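The values are calculated or read from the model by the stated rules, or taken from the named source; none is laboratory data. What you are looking at is a predicted structure, and each value in this text was computed from that prediction instead of being measured. Ideal geometry is used to build each Cβ from the backbone, glycine not excepted, and the neighbour counts take in all protein chains shown.
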Amino acid sequence: MTRLRSARLLELLPGFRQHDGHHAREMFHGASVSLLLRLGAGGIAFGFQVVLARALGATGMGMFVLATTLVTVATVLSRFGLDNVLLRRTAAGAAAQDWSSVLGVYGRAMRLAFVAGGFCTLLLWGISPWLANTVFHKPDLAEPLRWMALAVIPTTLLMLHSELLKGLKRVALASSVESLLVPFFALVGLWLVPTDRLDVRTAVWVYMVAGMITAAIGYLMWRRMIQGCGIAGDGPSLSELLRSCLPLLGATLMSGVIIPWAPVIFLGAWGSSSEVGIFSVANRLAMLTSLVLIAVNSVAAPKFAALHHQGEFKCLGDTARGATRLMTFAAAPVLLVFVILPERVLQLFGNEFIQGSTILAILAIGQFVNVATGSVGYLLTMSGHDRQLWSSTFVSAAINIVLCLTLIPAHGAVGAAIAAATSVAVSKLVNVYSVWRCLGISTLPLPFVPRFLANPQR
């Protein structure tokens, strides 16, 4: 009955009518499951942010966000570009029932991730006082940053196992590990801590333990999914794995660190902890606009890899365009709320956060462009065009840094918001062009696809 209703709904959505029915229904059903889980995760994360913001205030929230931001940067480095490689190879191996290669690349990748994660943990632990005093001019940041450094390896592992589960098309499990369990356990931890003892250090401990628990659960889920699938093969050599990872690491650093987090880091260096706290709350809220994109990506990535591997290029383009139209339709109401009523939303976090209303509106517009251009990054990655993704993302990251250096000293958090929104929009639009040039696919949510944009190479 659920699949029948999904099929009827798909017929009402522009762009899905001409699709291969099997692929459209599979993507819609999987994305619906993922979206429901991510809505739940978003609600829990929202509750966590509200409790934390009300307890710590804008200044304390800024300190917490700076610590988590720096750990996020370290985590991206420790993943070494392995997340996209594991997703692509797992999806292709599972589709061909080649479990020996899947298990082989898993073993090699985990060893590399542990080494890189351990190095990043020790490095961040060692330079925490220098970052706190010299870079950010906030001595109180050193202690929470050192404790938060212990979350690098658990966060790395939970993200990698989430990608592995996506490759097996276990959308619900992957979404739970990636976005649901950490805020859930963190919120439970905050509930267990007496209000008068909740400070930045305690919040860091709670978040760190939540990451460790989620990493363990993600590993157990993966082991259960592959139980009885055979033994691991030799897998790729270390040099082969590094050749696959390094282009993706560059793109990930640009899209996963510089574009989303450079405004926070520069604002932390030039602004107050209060400004960082207000910006971070507005940024987290704006990310809700692109929640549907994240949900669809969890289903689309392995689907894109499989369709490209099978040579079904027309179906690949139709599926990508239809998904973009659906996402744009779903994200529009969220954008309107954040643009028209930003003060009321921010008031939930406390009166001092209301001054971030302009910041929220700017960031939400940037995230809407992110949604309305579709899953272009995954289209490039899953089709093997890693270098094109790196090149296009490098341009956007460079623009981001220039805007941060220009706008933040003069305009503070508003300047950071303009830099963040502009770089996200530019990144996606450049990737739209790269997808059209490399694959002959336009993902733009147009009411029709002109002939010169629709699969010209096919």
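Need at least 1 residues that are in contact with a Gly (Cβ under 6 Å, 6 or more places away or on another chain), touching a residue at least 40 places away in the same chain (Cβ under 8 Å) and surrounded by 24 or more Cβ atoms within 10 Å (Cβ to Cβ) per element, so show me which helices (runs of 4 or more DSSP H) inside segment 145-198 make the cut, counting only ones lying wholly within it.
It comes to 152-167.
With the checklist (1) touching a helix residue (DSSP H, G or I) at 6+ places or on another chain (Cβ under 6 Å); (2) over 14 Å from Ser244 (Cβ atoms) in hand, flag the one item Trp99 doesn't pass.
Tallying (1) touching a helix residue (DSSP H, G or I) at 6+ places or on another chain (Cβ under 6 Å); (2) over 14 Å from Ser244 (Cβ atoms), Trp99 fails exactly one: (1).
Here is a yes/no grid of residues against (1) aliphatic (A, V, I, L, M); (2) surrounded by fewer than 19 Cβ atoms within 10 Å (Cβ to Cβ):
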position	(1), (2)
Ile354	yes, yes
Thr358	no, yes
Val371	yes, no
Thr381	no, no
Gln388	no, no
Leu405	yes, yes
His411	no, yes
Ala421	yes, no
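Return the residue satisfying two criteria in turn: it lies in segment 411-433 and is modelled with pLDDT of 90 or more and small (Gly, Ala, Ser), and of such residues it is nearest to Phe279 (Cα to Cα).
Per the criteria, the residue is Ala413.
Residue under question is Ser100, and the condition is that it be within 20 Å of Arg224 (Cβ to Cβ) and crowded, with 24+ Cβ neighbours inside 10 Å; does it hold?
It is false that Ser100 is within 20 Å of Arg224 (Cβ to Cβ) and crowded, with 24+ Cβ neighbours inside 10 Å.
Could you check segment 327-396 for helices (runs of 4 or more DSSP H) lying wholly inside it with 2 or more residues that are under 20 Å from the mean Cα position of the chain (by Cα) and either within 27 Å of Val430 (Cβ to Cβ) or of a type in the set (S, T, N, Q) (or both)?
Once the helices (runs of 4 or more DSSP H) in segment 327-396 are filtered for at least 2 residues that are under 20 Å from the mean Cα position of the chain (by Cα) and either within 27 Å of Val430 (Cβ to Cβ) or of a type in the set (S, T, N, Q) (or both), what remains is 357-372, 376-382.
Do the conditions hold for Ala331, that is, is it buried (at least 21 other Cβ atoms within 10 Å of the Cβ) and under 21 Å from Leu39 (Cα atoms)?
It is true that Ala331 is buried (at least 21 other Cβ atoms within 10 Å of the Cβ) and under 21 Å from Leu39 (Cα atoms).
Out of Leu336, Leu348, report the one residue that is surrounded by fewer than 19 Cβ atoms within 10 Å (Cβ to Cβ), under 30 Å from Arg54 (Cβ atoms) and modelled with pLDDT under 90.
So the residue among Leu336, Leu348 that is surrounded by fewer than 19 Cβ atoms within 10 Å (Cβ to Cβ), under 30 Å from Arg54 (Cβ atoms) and modelled with pLDDT under 90 is Leu348.
Which condition breaks for Thr319 when tested against (1) surrounded by fewer than 17 Cβ atoms within 10 Å (Cβ to Cβ); (2) modelled with pLDDT under 80; (3) among the hydroxyl-bearing types (Ser, Thr, Tyr)?
(1)
If you check Lys138 against the conditions, is it crowded, with 24+ Cβ neighbours inside 10 Å and touching a Ser or Thr at 6+ places or on another chain (Cβ under 9 Å)?
No.
Inside segment 22-58, can you point out the residues that are of a type in the set (Phe, Trp, Tyr) and at pLDDT below 70?
Residue satisfying the conditions is Phe28 alone.
All but one of (1) touching a His at 6+ places or on another chain (Cβ under 8 Å); (2) modelled with pLDDT under 80 hold for Ala269; state the number of the condition that does not hold.
(2)
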